[in-house]
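The values are calculated or read from the model by the stated rules, or taken from the named source; none is laboratory data. Because the structure is a prediction, the values reported are computed rather than measured. As a convention, Cβ positions derive from the backbone with ideal geometry for all residues, glycine included, and neighbour counts pool all protein chains shown. Ligands, DNA and RNA are excluded from the accessible area calculation, which covers all protein heavy atoms including side chains. Shrake-Rupley method; radii C 1.70, N 1.55, O 1.52, S 1.80 Å.
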Amino acid sequence: MKKIYLVLIISAALIAGLAAGTFGLSRFVDEDASLPLLKITGDVRNVKKITGLNSIKDMQAGEGSIKNNRVAYLKQVIESAEPFSKYNSVIITSYDGTAVRLDYDDVKMSRLALDPQDGWNVMDPDHPAGISIEMIEEIILVSQNTDSCYEYGMDIISTDKNILRITPGQAYGKTSEYLKREGDVYTGGNAGERQASMYSVEKILKIEDLLGYEVFGSIVVMGRDGNILYADHSGYIELEDNHFNYADSRAEGKIVGDTAGIIIDAPSGSIMDAYHDLKYHIHRGEKVMLIILDGLGYHQYIYAVDNGYIDFMAEASSVKPAVSVFRPVTNAGLAAMFTGKPPAYSGIDDHDKRESLIPTVFASVIEDNTKTLYVEGDIQIIKTEIEPELNTDRDRDGDRDDDILEYSISNMDKGFELMVVHFHSIDDMGHNFGDITGETMDEIKRLDMYVKELVSMWEGYVVVTADHGMHSTEDGGSHGEFRYEDMIVPYIVFCPGDKDYLKE
Ligand SMILES: [Zn+2]
Ligand SMILES: [Zn+2]
């Protein structure tokens, strides 16, 4: 063991010598601009770029410091980058391409020092392996779990499974790919024997490298920037500081920045299809109705069919899973259905956005003089070119959907060519009771009957879909995350000729 350790110290000395030769001693003067950049990155909220002594002047380690106070406590430097989770290790990479992975507890009392010859380095009398890392380029934090880091991680899902949630730090730490393990270092020291592993750094990988098996078929990649990329699996996941990007060279080098998630074996349908289906039928002179069942996930639909809560919708001409948009919340979902474009185009990517940057389907129906009725609950959710007809709980039974149904039925014979009807109670029940519970299923059963009433009265095509789904939480349900329960919804089409069974 001691032999390996000695070899590494010797090689570290060589590396330091080489590095000093490469960079030139003159680079390490006291002018901040000429100092090598050190980044604190990985599972942090604010990637910290330490360009010089000024960046750490409030964290100086005080007496006992080395070389004119050019020393800060590593713990303070790391915490200034705001780690977003409880982390259990740090990866320290060097400009020479090597890296060492250490337990955070082992280095948090270490000091970060600037040396005129070796650049930034970690000094710890109890941890010789730390000292062997000189010319430090990055300190990467690696979370021990993914519970509190949803905003920064990436999810890989399929239509019916949440396959992997991984943080950038964990991806750096995936020893098989990002860090090629090159050997172990064992040290004695005052705190007992400790181990550090040597790695080399690699920042590009493929989906299969994360999953451990090959992926076939089409994928959908969605970014927090609101972009959506439909692709095959040939692109690359790139690690950039505290987030992922997805790049596909065959899709004209298109990049989905700050990738929120990837759907593998992705359904071909999208809720954006609603826009195109409505326009298609309108242009052919066919009547069409869009029924939005707020918060009905595809998994809830399947459960409801399997357990006898849905009879009618299961008989539709076509039932398919479809992909919602990120973030899967009402505003973003409605905007996607109404504009046919991803959130990056409409600008409506979350529940605090209301105004679309691009026209909705209602603009074109105004142009075409299509007689249109848009029936909503008690508030207008996003701005549309045609004002929705709002419905309060007129009969005061604690429910708006019966009022929405009643209003829609009372307008059935008024010659509308396009109707959009937005029901809300499945989402309400999902939030209160969870996605797969008796209460929510009873509500789905009731809405199945509402759909039946509307379809049986409507002389035209009917599309039934949802803005997003719902997943269970400790106290009910929620949505807005990149997970199959929220992202995959049913897309159901009734054709006018296929309604014979209604006459029974
Ligand atoms: Zn909703
Ligand atoms: Zn909701």
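Tabulated data for the structure shown
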| quantity | calculated |
| --- | --- |
| Computed FRET value (nearest 0.05) for Met457 with Asp265, which takes r as the C-beta separation and R₀ as 30 Å | 0.20 |
| Label-point gap, in nm, between Glu79 and Ile358 - each point 7 angstrom along Cα→Cβ | 4.7 nm |
| Area accessible to solvent at Thr473, 1.4 Å probe radius, in Å² | 50 Å² |
| Distant-in-sequence amide H partners of Gly261 (H built 1.01 Å from N, under 5 Å) | Asp155, Met222 |
| Rg/Rh ratio calculated on Cα atoms of segment 269-503 (Kirkwood radius) | 0.93 |
| Lys, Arg +1 and Asp, Glu -1 on Cβ, resulting dipole of segment 269-503 about Cα centre, debye, nearest 20 | 880 debye |
| Label-point separation, Asp306 to Glu367 (7 Å along Cα→Cβ), nm | 4.5 nm |
| Neighbourhood charge, 11 Å Cβ-Cβ cut-off, centred on Lys108 and excluding it, Lys, Arg +1 and Asp, Glu -1 | -3 |
| Residue-count net charge about Ile157 - beta-carbon cut-off 14 Å; Lys, Arg +1, Asp, Glu -1 | -3 |
| Segment 269-503 - percent relative contact order, Cα under 8 Å, separation 6 or more | 34 percent |
| Greater than 20 Å apart at Cα, pairs in Lys287/Lys371; Lys320/Lys371; Lys320/Lys452 | Lys320/Lys371 |
| Cut-off 13 Å between beta-carbons: net charge of the residues surrounding Asn245, Lys and Arg +1, Asp and Glu -1 | -3 |
| Residues Lys49 and Lys414, FRET efficiency given R0 of 56 Å [Cβ-Cβ distance, rounded to 0.05] | 0.35 |
| Area of Lys75 that stays accessible when all protein chains are in place (1.4 Å probe, Å², to 10) | 70 Å² |
